[in-house]
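Note sheet for the following structure.
The values are calculated or read from the model by the stated rules, or taken from the named source; none is laboratory data. Nothing here was measured: the structure is a model prediction, and the numbers come from that model. Reconstructed Cβ throughout: ideal geometry from the backbone, glycine too, with neighbour counts over all protein chains shown. The protein model used for the area step is the full one, side chains on, heavy atoms only, and it has no ligands, DNA or RNA in it. Shrake-Rupley method; radii C 1.70, N 1.55, O 1.52, S 1.80 Å.
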Amino acid sequence: VSNVFVPIVCVLALGTALWWGLGYESARTVHQFLAQWLWPAHLAGTALSAAFIGATAVLIIACPCAMGLAVPTAVMVATGRGAEHGLLIKGGEALQRTEALDVIVLDKTGTITEGRPALVGVQALGRDETRLLSLVASLERRSEHPLAEAIVEAARERRVPLLEPEGFEAVPGKGVRGQVDGHRLLAGTARYLAEEGVPVEPAGAALEAVTGRAETPVVVAVDGVVAGVLAVADPVRPTSAEAVAGLRALGLDVVMLTGDDRRTAEAVARRVGIERVVAQVLPDRKLAEVQALQAGGRVVAMVGDGINDAPALAGADVGIAIGSGTDVAIESSDITLMQGDLRGVVRVVRLCRRTMRVIRENLFWAFIYNVIGIPVAAGVLYPVFGLLLTPTMAAAAMAVSSVSVVSNSLRLRRAG
């Protein structure tokens, strides 16, 4: 705007000076003729003074203060209002992109759910449950995955003895492997065990029961034979269903993206009202799923909390991190929800949309003010209406336009 606006105003000011300098007598004649019946005012002074006053008035009234204030005042008020609601918005670019969203991608664990998984069941196949839990917990104690922590914590609460594992290896998004007390162990998804050549059919009924209850199954194999299924439950946040309904009411498509078993993911999705589920996604594929949506022309927001979500948060048009999540997720995001409540996503979308509406109103009135004010300051109305702005009056009008823009931006303080 400045590249175009400033030269045009300078040309208009010069043109005003020339117009008054060369047409001074003509303007006085026309106005004095009409003033005999309409207006008693007259133009006093010389052509030089009229030219100088007109050009100065144009430069003053065209001062782009209102245009310069239109965006930053609205952004400042909006980010402040967001902070009051626990929504940390990193600047105006995030506001603008959020207003254009049409798809919200939600991670499951720690986002839709509480992120506090707990072991709720152990079903052993042909062996003692306590012994199975001891073997699995001994292996999982080397893992940093939330499901592993839930299994180890349950073993400690039940005073199950834990042994030292050997040859531990974590396979991201699939499970873990290693040796405990001379036994080769695999623990993870049914797909992972199948890929390792372990038939999982004997655990089919247990898997169906666990996933039907929206719990996450951890399938265990001992020495190449499926030995049981551990059920880990992560409670759905009480506000998740309300948040999903609010997002859909705003015209947004909601997608769940998770590495969990499809049946578990679909059960959780039904509870919160999500229709589209992308399940069994490996951590390094989350970004690819977001990019696939973007390739289809969608404007995508990713909402997550974990290290595995960080690439997708950074690659989405808008990354929204749960404040209770990892530091790397928060650092990769554009917006942080400090309260960990998904309803904050609804609030931030509403706030961004309202902010962009206020910015457009500010810019509209700032431009309209100049479109109307510059010709009046130049004196085009003087010959007929006797209306001529002095530089003092132009300065007052310019100040009023700035105040109006700031006042309009301050309306965002009442945004919910």
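Scanning region 377-398 for residues that are without any contact (Cβ under 8 Å) to a residue 24 or more places away in the chain and under 26 Å from Val71 (Cβ atoms) yields a count of 1.
Just a yes or no: is a residue in region 176-183 part of a strand (DSSP E or B), open to solvent by 60 Å² or more (accessible area, probe 1.4 Å), among the basic types (Lys, Arg) and out of contact with any Phe, Trp or Tyr (no Cβ under 7 Å at 6 or more places or on another chain)? Yes: one or more hits. Quick check on my filter: what residues within region 61-112 are among the charged types (D, E, K, R) and assigned to a helix (DSSP H, G or I)? Listed by number, the residues that qualify are Arg81, Glu84, Glu93, Arg97, Glu99, Lys108. Annotation: Leu135 fulfils all but one of (1) in a loop (DSSP other than H, G, I, E, B); (2) in contact with a His (Cβ under 8 Å, 6 or more places away or on another chain); the unmet one is (1). Thr336 satisfies every condition listed in (1) in contact with a strand residue (DSSP E or B) (Cβ under 9 Å, 6 or more places away or on another chain); (2) in a loop (DSSP other than H, G, I, E, B) except (2). Can we say Ile61 is surrounded by fewer than 23 Cβ atoms within 10 Å (Cβ to Cβ) and either in contact (Cβ under 8 Å) with a residue 60 or more places away in the chain or of a type in the set (Ser, Thr, Tyr) (or both)? Considered against the rule, which asks whether it is surrounded by fewer than 23 Cβ atoms within 10 Å (Cβ to Cβ) and either in contact (Cβ under 8 Å) with a residue 60 or more places away in the chain or of a type in the set (Ser, Thr, Tyr) (or both), Ile61 comes out as no. I'd like the residue in region 360-391 that is within 19 Å of Gln96 (Cβ to Cβ) and open to solvent by less than 10 Å² (accessible area, probe 1.4 Å) and, out of all such residues, is modelled with the lowest pLDDT. Step by step, filter region 360-391, then rank; the result is Ala366. Scan region 66-95 for residues that are within 30 Å of Ala394 (Cβ to Cβ), in contact with a Leu (Cβ under 8 Å, 6 or more places away or on another chain) and open to solvent by 30 Å² or more (accessible area, probe 1.4 Å) and jot them down. Hit for region 66-95 is Val71, nothing else. All of Pro172, Pro202 fail the test of being open to solvent by 60 Å² or more (accessible area, probe 1.4 Å), out of contact with any helix residue (DSSP H, G or I) (no Cβ under 8 Å at 6 or more places or on another chain) and either in contact (Cβ under 8 Å) with a residue 40 or more places away in the chain or within 23 Å of Asp309 (Cβ to Cβ) (or both), apart from Pro202.
Scanning region 339-357 for residues that are over 13 Å from the mean Cα position of the chain (by Cα) and under 17 Å from Glu84 (Cβ atoms) returns Gln339, Gly340, Asp341, Arg354, Thr355. Among the residues of region 230-252, those that are buried (at least 20 other Cβ atoms within 10 Å of the Cβ) and within 9 Å of Arg343 (Cα to Cα) comprise Ser240, Ala243, Val244, Leu247. Restricting attention to region 259-272, the residues being crowded, with 22+ Cβ neighbours inside 10 Å and modelled with pLDDT of 90 or more number 3.
Can Gly115 be described as touching a Ser or Thr at 6+ places or on another chain (Cβ under 7 Å), open to solvent by 30 Å² or more (accessible area, probe 1.4 Å) and either more than 18 Å from Thr355 (Cβ to Cβ) or not in a helix (DSSP H, G or I) (or both)? The answer is yes for Gly115.
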